[in-house]
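Participant: Dropping a structure here in structure tokens format, bear with me for questions.
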Amino acid sequence: MLFGLLGKKKKNDRGSVKKAVKPKAKTRPVSKIKKQIVGEVTHYFSKVKAAVIKIKKGPVNAGDIIYIKGHTTDFKQKISSMQIDRKLVDKAAKGKEVGVRVKRRVRVGDVVYKNITGKAVKR
């Protein structure tokens, strides 16, 4: 029985072998969370995994949870570091362009949202 050694398998009512499925964690989708548009991605640097974000509304602080949503992009992350003109900053105001490290690829035109409920949401 080589198949029994490769992974967890179980038999269903008909006697055929079926892989065990891990149940998904219950989380609220990003589209259901109260959020506010704060900016837009204007450039992406793939080697350093950093995005340039043009701030359009309100201040953005280091440590804020942001959501990046686009045609093929949809994820959330905490802002670990921000830079303006290669200098680390803790806060960025309306009209500034900031560099932010991102965990996934983003594209020009992706919209950046900020969580306004104040609660961190698992995803």
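The values are calculated or read from the model by the stated rules, or taken from the named source; none is laboratory data. Just so we're clear, the structure is a prediction, and the values are computed from it rather than from any experiment. When we count neighbours, we look across all protein chains shown, and the Cβ atoms used for this are built from the backbone with ideal geometry, even at glycine.
Participant: Is it the case that some residue within region 19-34 is in contact with a strand residue (DSSP E or B) (Cβ under 7 Å, 6 or more places away or on another chain), modelled with pLDDT under 65, part of a strand (DSSP E or B) and of a type outside the set (Ser, Thr, Tyr)?
Facilitator: Within region 19-34, one or more residues are in contact with a strand residue (DSSP E or B) (Cβ under 7 Å, 6 or more places away or on another chain), modelled with pLDDT under 65, part of a strand (DSSP E or B) and of a type outside the set (Ser, Thr, Tyr).
Participant: Can you work out which of the residues in region 90-104 that are surrounded by 15 or more Cβ atoms within 10 Å (Cβ to Cβ) and among the basic types (Lys, Arg) is nearest to the chain's Cα centre (by Cα)?
Facilitator: Residue satisfying both the conditions and the ranking: ARG101.
Participant: Look at VAL48 and say whether it is of a type in the set (A, V, I, L, M), closer than 30 Å to GLY99 by Cβ and modelled with pLDDT of 90 or more.
Facilitator: It is true that VAL48 is of a type in the set (A, V, I, L, M), closer than 30 Å to GLY99 by Cβ and modelled with pLDDT of 90 or more.
Participant: Would you mind stating whether LYS69 is of a type in the set (D, E, K, R) and exposed (fewer than 15 other Cβ atoms within 10 Å of the Cβ)?
Facilitator: no
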